[in-house]
């Protein structure tokens, strides 16, 4: 990765994951352990390693195999295979969990709840989660009221297979014992939401109470 490419990827990573809300709740990332949920081929892990003391990437055996074959993997990056619903890390061992696509490939709202509960389990008290997810807007209320009332949709033809209502995402966090401190809506206190509004993704920032 050349210098210009590295700067661009660091800028993109910071914009998506290290928002002002995250920095207020995680003031010193250089001393923190981060985990990427659904790391795929591992490109973001290398960027994250520039900011965090240690970074763990978790995904399916197939994806971890691809990530392990990438040349030039950064120091401080660890890859772990996930074989079931449980994340392969100890409870209360992670300072920061982030994901861009790890919640979009699930097949039900119950699986979404289970994944958020796992995020809560592995976070230290005071730890922060920055979770992107497929978003349901108000349009389905007109087009398909059932989708709106059940709180999620799933389609193999959708770029985000699973889309979840923001209210359903908040309920999931509450059920898992996480406090949501920011959500990508027009009333969001961060500034970066404007760059992503109108797409198929939303994000929520949550903190595990001390």
Unmet requirement for residue 96, which otherwise passes all of (1) surrounded by 13 or more Cβ atoms within 10 Å (Cβ to Cβ); (2) more than 16 Å from the chain's Cα centre (by Cα); (3) in contact (Cβ under 8 Å) with a residue 60 or more places away in the chain: (2)
Filter result for residue 188 (closer than 17 Å to residue 129 by Cα, modelled with pLDDT under 65 and either more than 15 Å from the chain's Cα centre (by Cα) or crowded, with 17+ Cβ neighbours inside 10 Å (or both)): yes
Check on residue 141, out of contact with any helix residue (DSSP H, G or I) (no Cβ under 7 Å at 6 or more places or on another chain), modelled with pLDDT under 90 and surrounded by fewer than 19 Cβ atoms within 10 Å (Cβ to Cβ): no
Tally of residues being at negative phi and under 16 Å from the mean Cα position of the chain (by Cα) across the stretch 26-45: 11
Elements of type helices (runs of 4 or more DSSP H) in the stretch 54-163, at least 2 residues being closer than 23 Å to residue 182 by Cα and in contact with a strand residue (DSSP E or B) (Cβ under 9 Å, 6 or more places away or on another chain): 109-122
Boolean, residue 34 is touching a strand residue (DSSP E or B) at 6+ places or on another chain (Cβ under 7 Å) and assigned to a helix (DSSP H, G or I): no
Looking only at the stretch 109-123, and only at residues there that are surrounded by 22 or more Cβ atoms within 10 Å (Cβ to Cβ) and in contact with a helix residue (DSSP H, G or I) (Cβ under 7 Å, 6 or more places away or on another chain), the one that is nearest to residue 168 (Cα to Cα): 112
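The values are calculated or read from the model by the stated rules, or taken from the named source; none is laboratory data. What you see is a predicted model; the values in this text were computed from it and never measured. Methodologically, a virtual Cβ is constructed for each residue, glycine included, from the backbone with ideal geometry; neighbour enumeration extends over all protein chains shown.
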